[in-house]
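Novice: Structure incoming, see below.
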Amino acid sequence: MPYVLIISAFIVVVFVFVLGVYNGLITARNRVKESWSGIDVQLKRRSDLIPNLIETVKGYAKHERAVFENVTKARSALLGASDAKAAAQADNMLTGALKSLFAVAENYPQLKASENFTELQEELSDTETKIAASRQFYNSNVLDYNNKLQVFPNSIIANSFGFKPEEFFEAGEAAKEPVKVKF
């Protein structure tokens with residue numbers, strides 16, 4: 001009879017341990033999803049600003065059609081991104097396209113003096129700061145989650161329940177270059 005109690009107590013302890021690890025993994029995975037939604041919100045905000053920015057610049061730079069098309073294509077790719085990797089690639093493409101747009105704007109002094117353009121530039125700058133903070137928060141949560149998946153004995157439980165590691169939101173090489181915008 002004491003063996004039955006010992007075995008029962010051991011089974012209960014193992015069950016509680018597995019349940020605790022499982023719930024911790026679920027919590028970590030949900031934090032990753034929640035932090036991804038923060039990035040998604042900021043990327044959407046930036047995408048919403050871009051048409052206004054394009055229209056403002058178009059009024060001054062009518063012959064810069066290729067630049068506008070590249071920004072529009074990059075924005076569409078970003079809005080259509082389904083995961084962190086695709087969004088990071090589209091974000092890098094959009095960052096490059098916006099650099100080109102601002103380079104065009106440098107050639108038009110009246111545009112640089114436009115109050116509407118200045119306000120849009122400030123909004124975009126604020127959004128970029130929020131995107132950077134959201135990326136950092138997301139990557140921190142991905143790191144915590146992936147660490148939980150990889151440490152022993154969590155790795156055994158995670159593999160048993162089909163948990164998969166998440167990808168970091170990484171900037172491409174073009175996005176790592178400093179942006180030079182002069183107004």
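The values are calculated or read from the model by the stated rules, or taken from the named source; none is laboratory data. Note that this is a predicted model, so its numbers are computed, not measured. Please note: Cβ atoms are built from the backbone with ideal geometry, for glycine as well, and neighbour counts cover all protein chains shown.
Novice: If you check A74 against the conditions, is it at negative phi, part of a helix (DSSP H, G or I) and surrounded by fewer than 17 Cβ atoms within 10 Å (Cβ to Cβ)?
Specialist: Judged against the criteria, A74 is not a match.
Novice: Oh, and also: Please determine whether any residue of region 21-41 is basic (K, R), at pLDDT 85 or above and crowded, with 17+ Cβ neighbours inside 10 Å.
Specialist: Yes, region 21-41 has at least one match.
Novice: Let me ask something else. Given the conditions (1) under 24 Å from T127 (Cα atoms); (2) exposed (fewer than 14 other Cβ atoms within 10 Å of the Cβ); (3) over 23 Å from the mean Cα position of the chain (by Cα), which single one is not true for K44?
Specialist: Against the list (1) under 24 Å from T127 (Cα atoms); (2) exposed (fewer than 14 other Cβ atoms within 10 Å of the Cβ); (3) over 23 Å from the mean Cα position of the chain (by Cα), K44 comes up short only on (3).
Novice: Shifting gears a bit: Are any of the residues in region 85-92 more than 15 Å from Q42 (Cβ to Cβ) and surrounded by 14 or more Cβ atoms within 10 Å (Cβ to Cβ)?
Specialist: Yes, region 85-92 contains at least one residue that is more than 15 Å from Q42 (Cβ to Cβ) and surrounded by 14 or more Cβ atoms within 10 Å (Cβ to Cβ).
Novice: Among A97, A81, which is closer than 30 Å to D144 by Cα and either surrounded by 13 or more Cβ atoms within 10 Å (Cβ to Cβ) or in contact with a strand residue (DSSP E or B) (Cβ under 6 Å, 6 or more places away or on another chain) (or both)?
Specialist: A81
Novice: Now, a different point. Among the listed residues K112, K130, which satisfies the condition of being touching a helix residue (DSSP H, G or I) at 6+ places or on another chain (Cβ under 9 Å), at pLDDT 85 or above and either closer than 22 Å to K58 by Cβ or charged (D, E, K, R) (or both)?
Specialist: Unique residue meeting the criteria: K130.
Novice: Which count do you get for residues in region 95-141 that are touching a residue at least 60 places away in the same chain (Cβ under 8 Å) and either in contact with a Pro (Cβ under 6 Å, 6 or more places away or on another chain) or among the acidic types (D, E) (or both)?
Specialist: Qualifying residue count, region 95-141: 3.
Novice: If you don't mind, another one. Looking only at region 52-62, filter to residues that are part of a helix (DSSP H, G or I) and in contact with a helix residue (DSSP H, G or I) (Cβ under 8 Å, 6 or more places away or on another chain); which one of those is modelled with the lowest pLDDT?
Specialist: K58
Novice: Can you tell me which residue among N154, N146, N159 is at pLDDT 90 or above, surrounded by 11 or more Cβ atoms within 10 Å (Cβ to Cβ) and either over 30 Å from F15 (Cα atoms) or within 18 Å of the chain's Cα centre (by Cα) (or both)?
Specialist: After ruling out the rest, the residue left standing is N146.
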